[in-house]
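The values are calculated or read from the model by the stated rules, or taken from the named source; none is laboratory data. Treat the numbers as computed from the prediction; the structure is a model and nothing was measured. Positions of Cβ are generated from backbone atoms using ideal geometry, with glycine treated the same way; all protein chains shown enter the neighbour counts.
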Amino acid sequence: MQTMINMGKFPGAALLPLLLAACATPIPSAQTGNESRDRLLSGEALPAPIRAGISQPDDDVLGLSADMIRFADQATASSRNETDKINALLRALIQSPGTNFIFDPAATYTAAQTFEHGRANCLAFAGMMTVMLRHLDIRAEFNEVDVPEVWDMRSPKTMVLYKHVNVIIRPRGGQKKVADLDMAAYDDSYRQRIISDEQAVAQYYNNKAMAFLFDEDLANAFSYLVTAIDLDPQASYLWANLGTFYRNVPNRNAAELSYQVALSEKPGNLIAISNLARLYSNDGQLELARKLDKKAAYFRSRNPYFRYRQGMDAFSNQNFGAAMSHAKAAIRLYPKEHRFHFLLGAIYEKTGNAKKAEASMLKAVEMSTDAIQKTTYRSKMDHLLSSR
């Protein structure tokens, strides 16, 4: 899918040290009840020219077109059961020359637009697949996947964090299937959860809002972001994006309150913490900024993929002691990830412990559910251990 979470236009925002012990002094709290939230969403904090351009978007995000219905019916006409229908539809959409979808992270489209244009990010593809499967009376649900963090630098001052969504399909009398625009990158060991249609549609409106914000169309950015929050009012990342929106207006107080709401929904929202720290730093409130930076680092240290990335960096720099510390921390935080175990095995090999190296690498092979990945691991393991 790609759901965009704006890091904000602060110098160095994406490079902030992310670090607070759980017992550190709490950040100052603002009133984040319904009245404060309503004010943020009302537009009253906006300049009159922006307020005049606000309208209520009503995109038909999960609507089916006649062409989609015709395509789904024809593709599955000879199918005998739901599993056959699923396979036939996926083949027709992904393998047919005329419908070979192109991945485009910026292609946030409705389901019908996705089918028409043949371009999609993961969210757009998931929306199109879901409604076509449901048309065939097959149960399909949006699935949010905690893939390792993927960042995109949109400008020297703006970083975007991408999230990921695919489709879980549950045929009657058959096995659960996953439909993903990039199945090669998907791994079922990642943490994941079913999300509602409203939450998925909120991500669509958020993506559109961020695109408008990048284009400096503040009226539409606000309209789409408010619609997203109306659909999923407890989504911390949406309130954090609203804070970044207000930083661009600019309205410093509204930005601060938005980030505070984000943190009231999710205390570990690193983007809200980092941007709030930068806001306080710009104000000269350096002690508050320092406390927030420490808080961010604590939550970052609890992210197993961040620790894995640190371990990989240390390994590349031949700092094997640090690499082992990070790899073991990643495994403690999330022991089901095969990549962590393979990294630990590689570290053991470099430090002369062939027995532990083989054990860790074999664990990675066992945990991986992808045949190609298993083969790759075995090949690397054989090469590393035979070279000693």
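One table, with the values for the structure above:
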{"quantity": "So ILE138, is it surrounded by fewer than 19 Cβ atoms within 10 Å (Cβ to Cβ) and modelled with pLDDT of 90 or more", "calculated": "no"}
{"quantity": "Filtered residues of region 53-67 (kept if under 13 Å from GLU116 (Cβ atoms) and in a loop (DSSP other than H, G, I, E, B))", "calculated": "ASP60, GLY63, LEU64, SER65"}
{"quantity": "Search result, residues across region 252-279 that are surrounded by 22 or more Cβ atoms within 10 Å (Cβ to Cβ) and in contact with a Pro (Cβ under 9 Å, 6 or more places away or on another chain)", "calculated": "ILE273, ARG278"}
{"quantity": "Test: residue in region 305-312 that is crowded, with 16+ Cβ neighbours inside 10 Å, charged (D, E, K, R) and assigned to a loop (DSSP other than H, G, I, E, B)", "calculated": "no"}
{"quantity": "Hey, TYR298 farther than 23 Å from PRO105 by Cα and touching a residue at least 40 places away in the same chain (Cβ under 8 Å) or not", "calculated": "yes"}
{"quantity": "Residue in region 227-247 that is closer than 21 Å to ALA124 by Cα and in contact with a strand residue (DSSP E or B) (Cβ under 6 Å, 6 or more places away or on another chain) present", "calculated": "yes"}
{"quantity": "Options ASP370, ASP293, ASP382: the member that is in contact with a Leu (Cβ under 8 Å, 6 or more places away or on another chain) and either in contact (Cβ under 8 Å) with a residue 60 or more places away in the chain or surrounded by fewer than 16 Cβ atoms within 10 Å (Cβ to Cβ) (or both)", "calculated": "ASP293"}
{"quantity": "Region 68-97: number of residues that are out of contact with any Leu (no Cβ under 7 Å at 6 or more places or on another chain) and either not in a helix (DSSP H, G or I) or not assigned by TED's automatic domain parsing to the domain that holds MET183 (or both)", "calculated": "7"}
{"quantity": "Which listed residue, of LEU225, LEU242, LEU213, is farther than 24 Å from GLN113 by Cβ and either free of Cβ contacts under 8 Å to residues at least 40 places away in the same chain or among the aliphatic types (A, V, I, L, M) (or both)", "calculated": "LEU242"}
{"quantity": "Pairs with Cβ under 9 Å, 6+ apart, first in region 102-120 and assigned by TED's automatic domain parsing to the domain that holds MET132 and on the phi < 0 side of the Ramachandran plot, second outside any loop (DSSP other than H, G, I, E, B) and hydroxyl-bearing (Ser, Thr, Tyr)", "calculated": "PRO105/TYR162; ALA107/THR114; THR108/TYR204; TYR109/TYR204; THR110/TYR204; ALA111/THR130; PHE115/THR99; ALA120/THR114"}
{"quantity": "Filter result (of a type outside the set (Phe, Trp, Tyr), touching a Leu at 6+ places or on another chain (Cβ under 9 Å) and either without any contact (Cβ under 8 Å) to a residue 24 or more places away in the chain or farther than 21 Å from TYR205 by Cβ (or both)) within region 258-278", "calculated": "GLN260, LEU263, LEU270, ILE273, SER274, LEU276, ALA277, ARG278"}
